[in-house]
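Step one of this worksheet: look at the structure below.
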Amino acid sequence: MNRVIKTACLAALLTVSTAAFAQFGGMGGGANQPPAVDMKSLAEKADNSGYAMVKDMKASETYPDALTFRDGKKVTKENWPARQEEISKLYQYYVYGQWRDGSDEKVSYTIDDSKKSMKITIKRVSTGKEGTMNVTVTLPDESKNKMPEGGWPVVVGLHGGVQEQLAASRGYAAIILSANAIASDNNRHTGLFYDLYPYGEDWKEQTGVLMAWSWGAAKILDALEAGAGKELKINAKNSAITGVSRYGKAAIVCGAFEKRFKMVMPSCSGAGGVAMFRYVSEGKTYDFSSKNDSKSYTYGKNEPIDSLQATGEQGWFNNKFMAFNDAKTMPFDQYMLCSLCADPNRYLFIIGSCTGEDWVNAPAMWFTYRGAAKIFQFLGLDDHIICNIHKSGHAVIAEDMNYMIDYFNEKVYGIKSERDLSNLKTSVFELPANKDPLFDSFGDTKPAQPKPDPAPSANANQGGGMGGFGGGMGGMMGGFGGGMPAMGGMGGFGGMGGAPAGGAPAGGMGGMMGGFGGMGGAPAGGMGGMMGGFGGGMPAMGGMGGAPAGGMGGMMGGFGGGMPAMGGMGGFGGMGGAPAGDANLVKLFDLNIKIDQMFSVQSTRGSANMLLFSGDVKSDFFEGKVLPGGVDTQRSGSISARYIIEGKTPDGKATKIFVENNSAGNGGLKPTILTDNADLGWLETADVTARIAMGGQGGVTIQFFVPKDANLPPKK
């Protein structure tokens, strides 16, 4: 089965009920919601902008030259700011919409007594409209970290799960916003930003969601500069912006237009983010053995422009972007977006992943790095752009955060790193077996060959406890609508204090999986059908038992007009670990899932998917395998999985367990269990719940729990 399709099918297991989404207000389409609009039908309208209409642009086989003005004049170091402004306006007009610089705003804030959260109030001066946004704050422990002069540096996350606990353990504050409260993740253009700046018919009023989320991140800097920085002991001048997947797209957009962020760190951002629109890696085979992975990895389908323009994702951009049918007609490409970060006082850190990133097109992100590096080099800013293509994990993994902090400390604070930072100037795509000659069309230097990943260290745990997730983070699940393939590369999961896999800490985090909607189109109602984002702060899971160490377990995010919210998923602890935010549960066992086949039916009234899967279970009281015929049925945003697990108990008795797993209103699953083994009859009456987590043979694990006070039989 094709690698991309298999990953997409795994994501389909993440579907939860429509009722669950509606419960948390994420569905959209209610009485106060504007109707969904097909932006593509509104794309090309003549205006007085002075820019050419997309339909009149000619395709070109060459890449646009960032160092040549539109009128043909050559760029010099002296006139580079003018070229940056020209590029900025191109992107605002044709792709992301108008940047709002805050000149028409008054920002105030309140900080809670614990200094773990902050409410930011934004008032638009010209209209008097006002709104608020809430952010969570994680501060370093002053007893364990020496505060730099001026206050803590800060990492701003467009969602949780960006290694904020690890950052705090190394002396970096973290502030996390809920991007989907700033702007709904759909084409309805609702949320705080659009309350203040309504989406209109004029192109100057058409700010896309990625730009709106970027504006929300900038409000955090406004609040810090207004006095919150002094109260929290945070230095807003030493700030970084980061995010993953669609929020990685927003991170690079934010860095391009909000010049106050000193470090810009987009992760796994793909098309519309850092990946070159024009570069296709689909069908190409790569040698990832230097990353302790496959020697022959063939990339599946890359995300095309028309996917970004589909109903589920078009809201990220403005109307003008909908008119592009061919990347070769664009008067720009994404290395030019990255060039907007080129500044003597700023740094760009591009993050990608080798495996599991076919859709995200990691080679195209490396190509972008090479193109942007040429511009940085031209400006004498060679050391202001870096890149890390980690082994796996659709996430900011611990490896990335450690690299960022070491690099930032060295460049900003003059603290020499013990880590070899030269790897940040090359990647696995520079190896002779992988290198595309096109890469040399950008950049005159030949980077050093990448060094193999070091052997995992049993002492690599950064912040999780025994069997927990490093940095207190259990990975991420992002949902994408529009029937697109999955983006999820899986990071390594550690065991009880075990060695990491893929650079993750011992007992470490697994990275992030991007879930996409049903194959061949979104299910009925335009829903993408996956696990949504989690609100609030991120839990920090500790040692055995996985007790929370602060932060919220998160609420289930919702879908809006076909687009799911994406955010951090609460980390699960190790032995006996419970879901983040719920210390009253104890885990029974894991069911590791592998999708074997998927069948879909599309109708004008909706869609249905049937997924045949296999899997295995290991626990203290039973181990076995899913018998052929295990099936997950999805229709109208709900799921119902049925399967039989055959195996044996520790005393050798042959046993079968039937499970029917249905969507539950709390965003989880409610299983019905039957067994032919009397000794396991307690499973039939126990208050069992289930949740979807990361891991498994193909990337998904169903975890089963009972209340902590359940009357369980003693272990044998």
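The values are calculated or read from the model by the stated rules, or taken from the named source; none is laboratory data. This structure is a prediction, so every number in the text was calculated from the model and none was measured. Glycine gets a Cβ as well: all are built from the backbone with ideal geometry, and neighbour counts include every protein chain shown. Keep in mind that these areas ignore ligands, DNA and RNA; they rest on the heavy atoms of the full protein, side chains included. Shrake-Rupley method; radii C 1.70, N 1.55, O 1.52, S 1.80 Å.
From the list GLY248, GLY243, GLY216, the lone residue that is part of a helix (DSSP H, G or I) and farther than 19 Å from SER103 by Cβ is GLY248.
Yes or no: PHE317 open to solvent by less than 20 Å² (accessible area, probe 1.4 Å) and either on the phi < 0 side of the Ramachandran plot or within 20 Å of the chain's Cα centre (by Cα) (or both)? Criteria met by PHE317. Got at least one residue in region 335-356 being of a type outside the set (S, T, N, Q), open to solvent by 10 Å² or more (accessible area, probe 1.4 Å) and modelled with pLDDT under 95? Checked region 335-356: at least one residue is of a type outside the set (S, T, N, Q), open to solvent by 10 Å² or more (accessible area, probe 1.4 Å) and modelled with pLDDT under 95.
Among the numbered conditions (1) within 18 Å of the chain's Cα centre (by Cα); (2) within 14 Å of GLY248 (Cβ to Cβ), the only one that THR368 does not meet is (1). When region 405-429 is filtered for residues that are within 27 Å of the chain's Cα centre (by Cα) and modelled with pLDDT under 95, the ones remaining, listed by number, are ARG419, ASP420, SER422, ASN423.
Would you pick out the residues in region 362-385 that are farther than 20 Å from LEU67 by Cβ and open to solvent by 10 Å² or more (accessible area, probe 1.4 Å)?
Taking region 362-385 as the starting set, the residues that turn out to be farther than 20 Å from LEU67 by Cβ are 362-366.
Across region 362-385, there are no qualifying residues.
Of all residues being modelled with pLDDT of 75 or more and part of a loop (DSSP other than H, G, I, E, B) in region 681-710, which is nearest to LYS587 (Cα to Cα)? Just the residue, please. Among residues in region 681-710 that are modelled with pLDDT of 75 or more and part of a loop (DSSP other than H, G, I, E, B), the one nearest to LYS587 (Cα to Cα) is VAL688. Taking region 391-446 as the search range and keeping residues that are outside any loop (DSSP other than H, G, I, E, B) and in contact with a Gly (Cβ under 6 Å, 6 or more places away or on another chain), which one is least open to solvent (accessible area, probe 1.4 Å)? That would be ALA398. Report, ordered by the first and then the second residue, all pairs with beta carbons closer than 7 Å, sequence separation of six or more or different chains, a first member in region 45-63 that is touching a residue at least 40 places away in the same chain (Cβ under 8 Å), and a second member that is surrounded by 13 or more Cβ atoms within 10 Å (Cβ to Cβ) and aliphatic (A, V, I, L, M). Listed by first residue and then by second, the contacts come to VAL54/ALA323; LYS55/ALA323.
Residues that are within 22 Å of ALA217 (Cα to Cα) and either outside any strand (DSSP E or B) or open to solvent by 90 Å² or more (accessible area, probe 1.4 Å) (or both) within region 128-147 comprise GLY128, LYS129, GLU130, ASN134, LEU139, PRO140, listed in sequence order. The set of residues from region 272-285 being open to solvent by 10 Å² or more (accessible area, probe 1.4 Å) and not in a loop (DSSP other than H, G, I, E, B) comprises just one member, THR285.
With the structure loaded, tell me whether SER269 is open to solvent by less than 10 Å² (accessible area, probe 1.4 Å) and under 15 Å from the mean Cα position of the chain (by Cα) or whether it fails that test. Criteria met by SER269. Quick check: is even one residue across region 308-316 assigned to a helix (DSSP H, G or I) and of a type in the set (Ser, Thr, Tyr)? No, because not a single residue in region 308-316 is assigned to a helix (DSSP H, G or I) and of a type in the set (Ser, Thr, Tyr). Please work out if ASP47 is of a type in the set (Asp, Glu), modelled with pLDDT under 95 and open to solvent by less than 80 Å² (accessible area, probe 1.4 Å). When the stated conditions are applied, ASP47 passes them. Only one of the numbered conditions (1) free of Cβ contacts under 8 Å to residues at least 60 places away in the same chain; (2) basic (Lys, Arg); (3) touching a helix residue (DSSP H, G or I) at 6+ places or on another chain (Cβ under 8 Å) is violated by ARG188, and that is (1). Here LYS106 meets the list (1) in a strand (DSSP E or B); (2) in contact (Cβ under 8 Å) with a residue 24 or more places away in the chain; (3) open to solvent by 50 Å² or more (accessible area, probe 1.4 Å) almost entirely, failing just condition (2).
Looking at region 182-190, can you tell me whether even one residue there is more than 22 Å from PHE349 (Cβ to Cβ), over 17 Å from the mean Cα position of the chain (by Cα) and of a type in the set (Asp, Glu)? No, region 182-190 contains no residue that is more than 22 Å from PHE349 (Cβ to Cβ), over 17 Å from the mean Cα position of the chain (by Cα) and of a type in the set (Asp, Glu). The residue that is nearest to LYS233 (Cα to Cα), among those in region 76-103 that are assigned to a loop (DSSP other than H, G, I, E, B) and in contact (Cβ under 8 Å) with a residue 60 or more places away in the chain, is GLY102. VAL264 meets all of the listed conditions (1) crowded, with 24+ Cβ neighbours inside 10 Å; (2) assigned to a loop (DSSP other than H, G, I, E, B); (3) not charged (D, E, K, R) but one, namely (2). Can SER114 be described as small (Gly, Ala, Ser) and not in a loop (DSSP other than H, G, I, E, B)? So SER114 fails the test.
When region 174-205 is filtered for residues that are assigned to a loop (DSSP other than H, G, I, E, B), open to solvent by 10 Å² or more (accessible area, probe 1.4 Å) and either under 19 Å from TYR91 (Cα atoms) or not polar (S, T, N, Q) (or both), the ones remaining, listed by number, are ARG188, HIS189, GLY191, TYR197, PRO198, TYR199, GLY200, GLU201, ASP202. Here the condition is being in a loop (DSSP other than H, G, I, E, B) and either charged (D, E, K, R) or within 22 Å of the chain's Cα centre (by Cα) (or both); of GLY352, GLY356, it holds for GLY356 alone.
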